[in-house]
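Novice: First the structure, which I've put down as structure tokens, then a few questions once you've had a look.
Readers should treat all values here as calculations from the given coordinates under stated rules, not as data from a laboratory. This is a predicted model, so every value here is computed, not measured. Cβ: placed from backbone, ideal geometry, glycine included. Neighbour counts: every protein chain shown.
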Amino acid sequence: MKVSREEILHIANLAHLNLEENEIDSYLTNLQDILNFANIVNDVPVENLDVTIGSNEAKNVFRKDEIKIFEDKESLLQNAGMQEQNMFKIPKVIS
């Protein structure tokens, strides 16, 4: 399939693009390259491939929430801008 200059101008008009005369050939080349690649992908043989929904069969994996005691609270909180009662303290964000 070959894209014509008129088709580029029509597409540009539909997209409300004001193409300069020197841009038309560049857009024509780029669109033709995209369509050529799409044709390559369309011609890939897929007859003997298994049908799949996704690239793998992984499901959402959730871990159990567990409370873990962290012994060195000082090193954990050393980068906190503010702290209170061994917790990070942040400015109020909801009024």
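Novice: Looking at the chain, which GluC sites (Glu not before Pro) are in a loop (DSSP not H, G, I, E or B) and have at most 13 other Cβ atoms within 10 Å?
Specialist: For GluC sites (Glu not before Pro) across the chain that sit outside H, G, I, E and B with at most 13 neighbouring Cβ atoms in 10 Å, the list reads 20, 47, 57, 66, 71.
Novice: Would you tally the net charge around residue 83, using a Cβ to Cβ cut-off of less than 15 Å, leaving residue 83 out, and scoring K and R as +1, D and E as -1?
Specialist: Taking every other residue near residue 83 into account, the sum is -1.
Novice: Using Stokes-Einstein with the Kirkwood hydrodynamic radius over Cα pairs, what translational diffusion coefficient do you get for the chain at 10 °C and a viscosity of 1.306 mPa s, in µm²/s rounded to a whole number?
Specialist: So the translational diffusion coefficient is about 76 µm²/s.
Novice: What does the charge count near residue 35 come to, summing +1 for each Lys or Arg and -1 for each Asp or Glu among other residues with Cβ under 14 Å from its Cβ?
Specialist: Neighbourhood net charge equals -2.
Novice: I would also like to ask the following. To make sure I understand the rule: partners must be aspartates and glutamates, Cα under 16 Å from the Cα of residue 92, and not fewer than 8 residues away in the same chain. Which ones qualify?
Specialist: Partners within reach: 84.
Novice: If r is the Cβ-Cβ distance from residue 32 to residue 58 and R0 is 35 Å, what FRET efficiency results, to the nearest 0.05?
Specialist: 0.35
Novice: Which of the chymotrypsin sites (Phe, Trp or Tyr not before Pro) across segment 23-95 are loop residues per DSSP, with 14 or fewer other Cβ within 10 Å?
Specialist: Counting only loop positions with at most 14 other Cβ atoms within 10 Å, the chymotrypsin sites (Phe, Trp or Tyr not before Pro) in segment 23-95 are 62, 70.
Novice: Quick one: compute the contact order of the chain, relative version, from alpha carbon pairs under 8 angstrom and 6+ residues apart, as a percent.
Specialist: Computed value for the chain: 16 percent relative contact order.
Novice: Roughly speaking, what % of Cα-Cα pairs in segment 1-42 are separated by over 12 Å, rounded to a whole number?
Specialist: 59 percent
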